[in-house]
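First up is the structure itself, then whatever we jot down about it.
Every read-out reported here was derived from the displayed coordinates using simple, explicitly stated rules and does not represent laboratory data. Please read these numbers as outputs of a predicted model, since none were measured by experiment. All Cβ positions, even for glycine, are placed from backbone atoms using ideal geometry, and neighbour counts span all protein chains on display.
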Amino acid sequence: MPKLAINGGSKTVNRDLRQPWPVHDEREENAVVGVLRSHKWWRSGFDYYNHGDSKLYAFEQAFAEFHNSKYALAVSTGTTALETCLRTLGVEAGCEVIVPASTYIASASCVMICNGIPIFADIDPRNYTIDPKSVEALITPRTRAVVAVDMGGMPCDTDALGDICRKHNIGLVSDCSHAHGGQWRGKGVGSHADIAGFSCMPGKVLAIGEGGVVMTRDESLYEKAFRYHHAGRDRGEESLNFTWPATTLRLGEFEAAIGLIALTRLEEQAEIRWENLKYLHKGMESIPGLTGLDIDERVTRWNPYRWHFKFISEEFEGIHREQFRKALQAEGVPCGIGPTKPLYQFSMFASGKWGETGCPIRCPLYRADPIDYTRVYCPEAERIHETEALDLTHRILLGPRENMDLILEAFQKLRNNADELKTN
Ligand SMILES: Cc1ncc(COP(=O)(O)O)c(C=O)c1O
């Protein structure tokens with residue numbers, strides 16, 4: 001008789017482990033109706049200069065405070081938040097920006113939108129975030145910034161990255177799109193970088209509708225970001241003077257009103273996920289072949305958008321990660337592959353050209369021997385994506401403790417029946 005669900009045996013989990021997301025109740029309903037009836041759907045005129053009665057200002061202040069930073073600026077998406085970060089740091093044609101090979105495309109496309117060149121660094125096999133050693137080896141006189149992604153919500157080593165960036169006089173951008181509510185050394189993610197970008201689209205751990213946030217402690221970067229997102233106008237009396245060719249990335253009051261309420265839930269949700277995550281790590285200690293990522297002691301909270309963990313084939317009787325993953329899904333645990341394939345493997349990079357002119361790579365402002373992405377090789381990013389990394393969504397980590405027990409039970413069942421698993 002087969003034991004494993006993938007072979008017709010009974011399933012370990014007979015409920016949907018994913019909690020409903022995004023979370024909302026009558027508070028959001030009232031907030032949205034309140035904005036609707038107020039006739040004030042955007043941050044206009046007077047409010048732009050006086051921090052008037054605007055949901056956006058309230059949301060921004062609460063967001064910055066939550067993450068122990070100073071200034072936050074709500075913008076249209078996470079991608080445009082990152083674009084704004086790079087613009088404030090002066091990224092333009094001819095500039096290189098170092099980004100991790102394993103991340104969502106926006107962490108690199110924000111560079112290309114600014115006509116910069118993304119340079120891919122490898123990731124640290126201990127926690128799947130950008131490897132500071134790899135970053136330092138890639139710095140050239142053209143490097144203008146590093147985009148450090150808190151992958152899956154795991155805070156990067158912003159101490160080491162900050163030291164490197166200061167030494168070379170380049171900017172450090174945190175891409176915290178997966179990490180709202182996380183903490184490094186007791187302070188919110190993003191607050192350790194020069195400037196940070198967050199996505200708040202509905203799938204993220206802070207869901208407000210479409211939207212993003214730029215966050216910084218630096219007043220001049222904030223003012224630049226403000227100018228960039230508001231069509232190149234400064235804040236203040238002289239605001240009708242357009243001082244910078246820019247764009248319009250404003251967010252509306254509706255999303256901000258929802259965001260204000262979502263923020264009041266973030267602390268509790270982040271704690272639930274963090275406690276569940278530590279419980280899973282402990283539970284996996286007795287299951288050879290499965291292990292949690294290393295959590296540096298300076299990570300004081302990981303609020304996982306994706307809970308990445310490791311499948312070690314050699315310690316799991318040589319079973320392939322995909323055999324395990326499919327069998328786990330059949331047991332009722334929705335499980336994905338960890339970080340995406342390295343970005344340089346996508347066809348856009350292989351072609352080395354994203355416009356008819358060849359700019360910004362084949363461009364007089366760049367190198368005479370421009371980068372050839374087909375020759376980039378980040379061994380850890382490739383190995384981890386192909387053979388090792390698995391992930392569960394934040395919606396699962398938000399569940400009750402008994403759900404974590406079911407996940408561990410499914411892991412243990414596959415481990416106990418490795419011989420049967422091998423036949424799949
Ligand atoms: C790491 C990372 N950065 C940036 C973004 C871009 O966010 P948005 O989709 O809001 O533009 C995402 C979105 O998934 C992301 O995962």
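How long are the semi-axes of the equivalent ellipsoid of segment 181-255, taking √(5λ) for every eigenvalue λ of the Cα gyration tensor, in whole Å from largest down?
On the way: eigenvalues 130, 60, 14 Å².
With the √(5λ) rule applied to segment 181-255, the semi-axes are 26, 17, 8 Å.
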For this session: Taking every pair of Cα atoms in segment 24-148, average 1/r, invert it to obtain the Kirkwood radius, and report Rg/Rh to two decimals.
Result: 1.10
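Run the helix sum for the chain: -39,500 (n - 2.57) per DSSP H stretch of 4+ residues, divided by residue count, reported at 222 nm to the nearest 500 deg cm²/dmol.
Details: 15 runs with 156 residues, N = 424.
Estimated from H runs of four or more residues: -11000 deg cm²/dmol.
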Seminar exercise, completed: With Cα springs under 10 Å, the Gaussian network model of the chain assigns the largest mean-square fluctuation among 333, 173, 149 to 333
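With 10 angstrom as the radius, rank 385, 320, 229 by how many other C-beta atoms surround their C-beta, starting from the fewest.
320, 385, 229
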Exercise. Cα to Cα, under 20 Å, and not fewer than 8 places away if on the same chain: which lysines meet these conditions relative to residue 3?
Worked result: 11, 326, 413, 422
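When the dipole is taken about the Cα centre of the chain, and only Lys, Arg (+1) and Asp, Glu (-1) are charged at their Cβ, what size is it in debye, to the nearest 20?
On the way: 48 positive and 57 negative charges, 82 e Å.
So the dipole magnitude of the chain works out to roughly 400 debye.
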Exercise. So what's the net charge close to residue 339: Lys and Arg +1, Asp and Glu -1, counting the other residues with Cβ under 15 Å from its Cβ?
Worked result: -3
For this session: Pick out which of 129, 79, 357 has the largest mean-square fluctuation in a Gaussian network model of the chain, springs linking Cα atoms closer than 10 Å.
Result: 357
Exercise. For residue 40, which lysines qualify as cross-link partners when the Cα separation must be under 21 Å and same-chain residues fewer than eight apart are set aside?
Worked result: 55
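May I ask for the Kirkwood hydrodynamic radius of segment 70-120, worked out over all distinct Cα pairs and given in angstroms to one decimal?
Values: mean 1/r = 0.0897 Å⁻¹.
After inverting the pairwise mean of 1/r, the radius is 11.2 Å.
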Seminar exercise, completed: Percent of all Cα-Cα pairs per 10 Å bin for segment 26-262, counting from 0 up to the last occupied bin, reads 8, 34, 35, 17, 5, 0
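For the chain, what does the relative contact order come out to in percent, with C-alpha contacts under 8 Å and a separation of six or more?
Values: 894 pairs, mean separation 92.4, N = 424.
In percent, rounded to a whole number, it is 22.
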Problem set entry | Computed FRET value (nearest 0.05) for residue 369 with residue 247, which takes r as the C-beta separation and R₀ as 30 Å | 0.40
Problem set entry | Kirkwood hydrodynamic radius over Cα pairs of the chain, then Stokes diffusion coefficient at 20 °C and 1.002 mPa s, in µm²/s | 95 µm²/s
Exercise. If one takes the longest principal axis of the Cα atoms in the chain, at what angle in degrees, from 0 to 90 and to the nearest 10, does the Cα axis of helix 321-330 lie?
Worked result: 80 degrees
Seminar exercise, completed: Compactness summary of segment 365-424: radius of gyration and Dmax from Cα atoms, Å, are 20.4, 60
Exercise. Against the longest principal axis of the chain, how steep is helix 158-168, in degrees 0 to 90 to the nearest 10, with axes from Cα atoms?
Worked result: 40 degrees
For this session: Determine the sum of side-chain charges near residue 14: Lys and Arg each +1, Asp and Glu each -1, restricted to other residues whose C-beta is under 13 angstrom from that of residue 14.
Result: -2
Exercise. Using all Cα-Cα distances in segment 166-300, what percent lands in each 10 angstrom bin from 0 up to the longest?
Worked result: 10, 30, 32, 18, 7, 2, 0
Exercise. Looking at segment 373-412, which chymotrypsin sites (Phe, Trp or Tyr not before Pro) are DSSP coil and have at most 15 other C-beta atoms within 10 Å of their C-beta?
Worked result: 377
For this session: Within segment 256-292, which residues have the backbone N less than 15 Å from the label spot 7 Å out from residue 53 along Cα→beta-carbon, could you tell me?
Result: none
Seminar exercise, completed: Between the alpha carbon centres of segment 197-244 and segment 338-397 the gap in Å comes to 27 Å
For this session: May I ask for the angle, rounded to the nearest 10°, between helix 253-284 and the longest principal axis of the chain, with both axes built from Cα atoms and the value confined to 0 to 90°?
Result: 30 degrees
Seminar exercise, completed: Across 107, 69, 177, the residue with the highest GNM fluctuation in the chain (Cα network, 10 Å cutoff) is 69
Exercise. Given Cα pairs under 8 Å that are at least 6 residues apart, what percent is the relative contact order of segment 26-262?
Worked result: 26 percent
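Can you compute the FRET efficiency between residue 362 and residue 383 using 1/(1 + (r/R0)^6), with r the Cβ-Cβ distance and R0 = 22 Å? Round to the nearest 0.05. Write out the running numbers ahead of the final one.
Values: r = 31 Å, r/R0 = 1.43.
With a Förster radius of 22 Å, E is 0.10.
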Exercise. When a footprinting reagent is the concern and you count Cβ atoms within 10 Å, what order do 348, 151, 404 take, fewest first?
Worked result: 348, 404, 151
